[in-house]
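Working notes, beginning with the structure itself.
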Amino acid sequence: MSPELGHFALALACAFAFAQTILPLIGAQRRDRRLMTMAPGLALGQVIALGASFLCLIDAAISDDFSVANILENSAVTKPLLYKITGVWGNHEGSILLWALILGLCGAAVAAFGRNLPAALRARVLAVLGGVAAGFELFCLTTSDPFDRVWPAPLDGQGMNPLLQDPGLAFHPPILYTGYVGFAVPFAFAIAALIEGRVDAAWGRWVRPWAVAAWAFLTCGIALGSWWSYYVLGWGGYWFWDPVENASLIPWLSGTALMHSAIVVEKREALKIWTVLLAIATFSFSLSGTFLVRSGILNSVHAFANDPARGIFILGLLGLVIGGSLALFAWRAPSLTAGGLFSPVSREGLLVLNNILLCSICAVVLTGTMYPPFMSLLFGKTISVGKPFFDAATIPLAIPLFAFMGFGPMLPWKRAQMWPVLRRLWIAALATLLAFAVATWSLSGVLPILCATGAVWVIATSATDIANRVALFRIPLGQSFNRARFLPRAAFGAALAHAGVGVSALGLAAMSQAQHKIVEVPVGQTESLAGYDWTLANVKTEPGPNYTALVGTIEVRHNGHLVTVMHPSKRSFNAQNQTTTEVSIHTNGFSDLYGVIGDKHGDDAHPTYVLRLHYNPLAPWMWLGALIMAFGGALSLSDRRMRVGAPRRAPVPNTVAAE
């Protein structure tokens, strides 16, 4: 498979995308069924062409075709096969092609699973997805062509960034991009609804599964990226409030608000305009994150490119997509019919409050991320906004969010009374008071204590919600089990997702009490940390596939008993003249022992080595909670009510049916 074939397939996909944008829109406007029914076929043709293009790039990487500039700059003969494949999307050009491929897959999924949609709505949704895809494919063809040739072709390449030579990179970008791009589907539904001038319960039912799926993938992608940072970078932390990390957190926050808001549209036909705006904003934040990473505005270990031409193109695409959608929103949103009324004390009211707090946190993170680069661009001032600001600004907003998360699922729709709900939560309240006492005794700092207490409250109320639904301990256990069998999976999914938030928050609160020590020791010396004795037993040099590693052996004992033997290493990549750290982590599920070996000092006769030692309590819970959240989303998607049986749209007077 030649690179020219891949380039041709990419150009063909771009042609399909432009046709997918124009023809279905014309068909929907004219009620021409022939043009509308072309949309699924064009979406399928586009994704096939994109798949062929992507396979050509993978083939060039595997076959060491260094006449392709992308392969030359990011691969080498000695590079392991796994990283030759994953390196395809570990660079700017390949990542954009992967983005386009996932976007094409989203369009094909709507075409395949949207057969119960009204023909005009499906045509408009696919047209919007085609327009966004056309922009990214044109970006690939003009300023970020992954198939550019070089001549003469060298015998070897420059190799991959050693930091990216890690199994986590085989999964992190595809999963993260699926989350990013997945929000293009709710965005397309929002634009289609604005064009049609109609949002109703059926629209909410159609949008929600796509939003949940995108949110679950984005949750996994963010967690995997945080875990990669934890065990690869070797600094002992899990989240640096890096601007590029924040670029993924921002759409996650607004996407979380979108999921909850779509529930209100589906159940009560309220918050219609707000939900449409959230769908636009979430995908806009995803696109903005792409611009920030690839324009050179933000510098990060995660950033791929620093090219003004690429930045200008993405900025133009950003202006067209975001500016056009917001202009359409401003024009058409007032025509959307108002929704149902509800009391402030109701499930809708708590969901609105949930949205306000989530969007407030989102605004804080967005401001803290964008303020330094804009100050630098506009006034030439260098300002650093780091962990102290973000912790102090976001945690006070997260704590009331935790508090209200416990009430929301147990309140009835439209109008509610708090006292019956509070009576059902007395066990959860006792567990929370006990957690507050334990946290006050074991943690230092007001914010960690409140965070841990709120986390236990969320977990306890999630369990209480399920217990109340199955009448646990109020009826015979067998009957409660039968009730649980027939309880909708979405109920279990929501409870698990909320509990996952609590588990992650407990890990975050405990990690604020982490202990660490940086020491310089000879072989045989013992250091004490967190009640453990850490002994550097041996250091040796070992060869790797394309690196040389300095490997240490650290014996960790507690009260004289051997707990674990750790083997951290420091790798030197001669081709790139770079070094990386390989962390050694021992976990028992409740805490991590974390060891890093650094530079060698002194002469060969009496060498000393720098060690970074960490004791991280409840560190695994941060990623376990994220997995629980994502599993809760997947469980909700498996609910039959989320997959079939979408309500038919009620006829609207003086409106032509979209069927």
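In the stretch 162-179, the residues that are outside the structural domain of Gly234 (by TED's automatic domain parsing) and closer than 15 Å to Leu249 by Cα never reach a residue that is small (Gly, Ala, Ser) and surrounded by fewer than 21 Cβ atoms within 10 Å (Cβ to Cβ) with C-beta atoms less than 9 angstrom apart, at least six apart or across chains.
Gly524 meets the conditions (1) surrounded by fewer than 18 Cβ atoms within 10 Å (Cβ to Cβ); (2) assigned to a strand (DSSP E or B); (3) small (Gly, Ala, Ser) in every case but one. The failed one is (2).
Mind counting the residues in the stretch 561-586 that are at pLDDT 90 or above and either among the polar types (S, T, N, Q) or over 33 Å from the mean Cα position of the chain (by Cα) (or both)? So the count comes out to 7. Which members of the stretch 407-430 meet the condition of being at pLDDT 85 or above and crowded, with 18+ Cβ neighbours inside 10 Å? Once the filter is applied, which keeps residues that are at pLDDT 85 or above and crowded, with 18+ Cβ neighbours inside 10 Å, the stretch 407-430 yields Leu425, Ala428.
Residues to consider are Gly598, Gly589; find the one that is part of a loop (DSSP other than H, G, I, E, B), modelled with pLDDT of 85 or more and either farther than 30 Å from Gln29 by Cβ or among the β-branched types (Val, Ile, Thr) (or both). Just a single option satisfies the conditions, and that option is Gly589. Residue by residue through the stretch 160-172, note down the ones that are surrounded by fewer than 24 Cβ atoms within 10 Å (Cβ to Cβ) and not aliphatic (A, V, I, L, M). Asn161, Pro162, Asp166, Pro167, Gly168, Phe171, listed by residue number.
On the stretch given as the stretch 524-556, residues that are in contact (Cβ under 8 Å) with a residue 60 or more places away in the chain and under 30 Å from Asn574 (Cα atoms) total 5. Those helices (runs of 4 or more DSSP H) of the stretch 1-88 in which at least 1 residues are of a type in the set (A, V, I, L, M, F, W, C) and buried (at least 24 other Cβ atoms within 10 Å of the Cβ), considering only elements entirely within it, cover 3-30, 33-36, 38-62, 69-74. All conditions in (1) surrounded by 15 or more Cβ atoms within 10 Å (Cβ to Cβ); (2) closer than 25 Å to Ser226 by Cα; (3) of a type in the set (Ser, Thr, Tyr) hold for Thr587, with the sole exception of (1).
Could you tell me which residue of the stretch 500-521 is surrounded by the fewest Cβ atoms within 10 Å (Cβ to Cβ), considering only residues that are under 30 Å from Thr608 (Cβ atoms) and of a type in the set (A, V, I, L, M)? Checking each candidate, the answer is Ile518.
Considering the stretch 606-659 alone, what residues qualify as being aliphatic (A, V, I, L, M), modelled with pLDDT of 85 or more and under 25 Å from the mean Cα position of the chain (by Cα)? Matches in the stretch 606-659: Leu618, Ala619, Met622, Leu624, Ala626, Leu627, Ile628, Met629, Ala630, Ala634, Leu635, Leu637. Within the stretch 90-130, being touching an Asp or Glu at 6+ places or on another chain (Cβ under 6 Å) and within 17 Å of Thr290 (Cα to Cα) holds for one residue alone: Ala100.
Across the stretch 238-270, what is the total count of residues that are of a type in the set (Ser, Thr, Tyr) and outside any helix (DSSP H, G or I)? Residues flagged as of a type in the set (Ser, Thr, Tyr) and outside any helix (DSSP H, G or I) within the stretch 238-270 amount to 1.
The values are calculated or read from the model by the stated rules, or taken from the named source; none is laboratory data. Fair warning: this is a prediction, and the values are worked out from it, not measured in the lab. Glycine gets a Cβ as well: all are built from the backbone with ideal geometry, and neighbour counts include every protein chain shown.
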